[in-house]
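One structure below.
The values are calculated or read from the model by the stated rules, or taken from the named source; none is laboratory data. Here the structure is a predicted model, which is why all the values come from computation and not from measurement. Cβ atoms come from the backbone with ideal geometry, glycine included; neighbour counts cover every protein chain shown.
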Amino acid sequence: MIPAWVVDKGSQMSCKSDMSMQHACLIVSSKKIISAGVNRHGTNRFAMKNGYAWSLHAEAMAIQKMEESGQHSKAHRYKMYIMRFSKKGELMPSEPCIKCKQLIESSGIRKVIWS
Ligand SMILES: [Zn+2]
């Protein structure tokens, strides 16, 4: 179950995605957003290092931001929410891909909930 405020935030953020499938990922501690990401075309060094060929997934962006902001040491306490939205902003089923699952596992985040 994804809390309504997380769905609202993810829905707002997903508009920033330039992909046909819009994903948003939030890393949350209690009610505080630690990091967030949306999927988008193109990669960067972090994405290439982790095997993303032509787009950066929402989960990877959120983990990258978490690490860059130095908050990853508490990752085992965080929850990750992964959501997919239709163009109309409706919540759709999603599941992390194999690369993201590996990245999440190595990030230290233990609780992962997807729509
Ligand atoms: Zn992925």
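Among the residues of the range 1-41, those identified as surrounded by 23 or more Cβ atoms within 10 Å (Cβ to Cβ) and farther than 18 Å from Glu67 by Cα are Gly10, Ser14, Gln22, His23.
What are the residue pairs meeting all of these: first residue in the range 98-109, first residue aliphatic (A, V, I, L, M), second residue within 9 Å of the ligand (Cβ to nearest atom) and assigned to a helix (DSSP H, G or I), Cβ atoms under 8 Å, and 6 or more apart or on different chains? If the second residue must be within 9 Å of the ligand (Cβ to nearest atom) and assigned to a helix (DSSP H, G or I), the pairs left are Leu103/Glu59; Leu103/Ala60; Ile104/Glu59. For the range 85-110, the set of residues classified as outside any helix (DSSP H, G or I), of a type outside the set (A, V, I, L, M) and away from the ligand (no atom under 11 Å from the Cβ) consists of Phe85, Ser86, Lys87, Lys88, Gly89, Glu90, Pro93, Gly108, Arg110, listed by residue number. Considering only the range 48-63, state which residues are free of Cβ contacts under 8 Å to residues at least 40 places away in the same chain and crowded, with 21+ Cβ neighbours inside 10 Å. Result: Leu56, Met61, Ala62. Consider Tyr81 carefully, then state whether it is at pLDDT 95 or above and either within 15 Å of the ligand (Cβ to nearest atom) or touching a Ser or Thr at 6+ places or on another chain (Cβ under 7 Å) (or both). Spelling it out, Tyr81 is indeed at pLDDT 95 or above and either within 15 Å of the ligand (Cβ to nearest atom) or touching a Ser or Thr at 6+ places or on another chain (Cβ under 7 Å) (or both). Annotation for the range 54-67: at least one member residue is closer than 22 Å to Gly108 by Cα and outside any helix (DSSP H, G or I). Would you confirm whether or not the range 73-85 contains a residue that is surrounded by fewer than 15 Cβ atoms within 10 Å (Cβ to Cβ), of a type in the set (Lys, Arg) and within 14 Å of the chain's Cα centre (by Cα)? Scanning the range 73-85, I find no residue that is surrounded by fewer than 15 Cβ atoms within 10 Å (Cβ to Cβ), of a type in the set (Lys, Arg) and within 14 Å of the chain's Cα centre (by Cα), so the answer is no.
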